[in-house]
Amino acid sequence: MPELPEVEVVRAGLEPAVRGATVLGVEVLDERALTRHALGAVDFERRLTGRRIRAAARRGKFLWLPLDPRDVTDADAPEAVVGHLGMSGQLLLRDSGAPRERHERIRLSIAHPDHGDLAVVFADQRTFGSLALDVLEPTPDGRAGGRGADEPLVPGQVAHIARDPLDPAFDDRAFRAALRRKRVDVKRVLLDQTVVSGVGNIYADEALWAARIHPETTASLLATRTVHRLLAEVRTVLTKALAEGGTSFDAQYVNVNGQAGYFAHSLNAYGRTGAPCPRCGTPLVRVSFTNRSSHFCPRCQKQQRSLS
């Protein structure tokens, strides 16, 4: 599933093409792509056509496109198109009138004052991703809703999602306090999107390896300096992955131009079962973790039994 770097690459690619663009038309080819939009395809098409897009924003793994009101007298709450890529969703920029993409589900025809007519295509092989129109709500802390957001607003469907570690408004102190309260594996906390967003299985394994923390260490046992180290490594890993365009293991994750990321070549732990640890040479191991796997070095990442 795409994680923060992959979704941020998509957001940054969309931003110059959609900011200030007007939606000329909407084609819903498969209503399964509107599972989060309860009122269905006709409502989605009607309410979105003619709207001007204000920005491209992201919190964690969610994207949204804030919209101008439908008209100057519109007193309704502000709205946005909210997108989640699921496991295989793609948001692609194409020339106006470009041929259908394989697994295309929704197409937005847009007109940009500088870039002309374009198409924003939502394609999704496994149909776990979705688009929806949602009302924007004020953020509790009064800060911008997320990366790329201009206003202290966030879609209702995203309001329960915590800020991510690269967000300037991320609260390090609150994160440390949350870990102190959690008597579960630290990796489970990293994957809890209500505590910290955007970190999935790949980057959790990479950050824990870099911080020399066993994924099954109880979160509440981590000393303050260890939490500082972990948070620093999470940020380092996410920043590096973002610079390299994210991680692509197959054709499912691509940027808006259909290009794959190459961070997979920089992985130190994830997916490297049996390979030598880049730090000490010990063979890396893989263990089951819920319906996923954890990858770590049994020598560098000793499981903690007490505070240190």
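In table form, for the structure just shown:
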item	result
Anisotropy class of the stretch 102-145 from Cα gyration tensor, a/c 1.5 cut	oblate
Two-site label geometry, SER266 and LEU29: point separation in nm, points 7 Å out along Cα→Cβ	3.4 nm
Dipole magnitude of the chain, debye to nearest 20 (Cβ charges: Lys/Arg +1, Asp/Glu -1, about Cα centre)	1780 debye
Cα gyration tensor shape of the stretch 4-158, rounded if a/c is under 1.5, else prolate or oblate by comparing a/b with b/c	rounded
Residues LYS182, LYS187, sorted so that the one with the fewest Cβ neighbours within 10 Å comes first	LYS182, LYS187
Inter-label distance, nm, simple model (7 Å from Cα along the C-beta direction), THR224/THR127	5.3 nm
Amide H within-cut-off set for PHE296, under 5 Å, with H built and near neighbours excluded	VAL285
FRET efficiency, ALA169 to ASP76 (Cβ-Cβ, R0 35 Å, nearest 0.05)	0.85
For the stretch 62-137 versus the stretch 181-233, the gap between their alpha-carbon centres in whole angstrom	33 Å
Residue among LEU4, VAL121, LEU48 farthest towards the positive dipole end of the stretch 4-158, charges placed on Cβ	LEU4
Rounded tilt (10° steps) of 4-18 against the dominant C-alpha axis of the chain	20 degrees
Trypsin sites (Lys or Arg not before Pro) within the stretch 78-166: DSSP coil, no more than 13 neighbouring Cβ in 10 Å	ARG100, ARG102, ARG126
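Just so you know, all these numbers are worked out from the coordinates, no wet-lab data involved. Note that the structure is predicted; figures quoted are calculated from it, not measured. In this analysis, Cβ positions are derived from the backbone assuming ideal geometry, glycine residues included, and neighbour counts consider all displayed protein chains.
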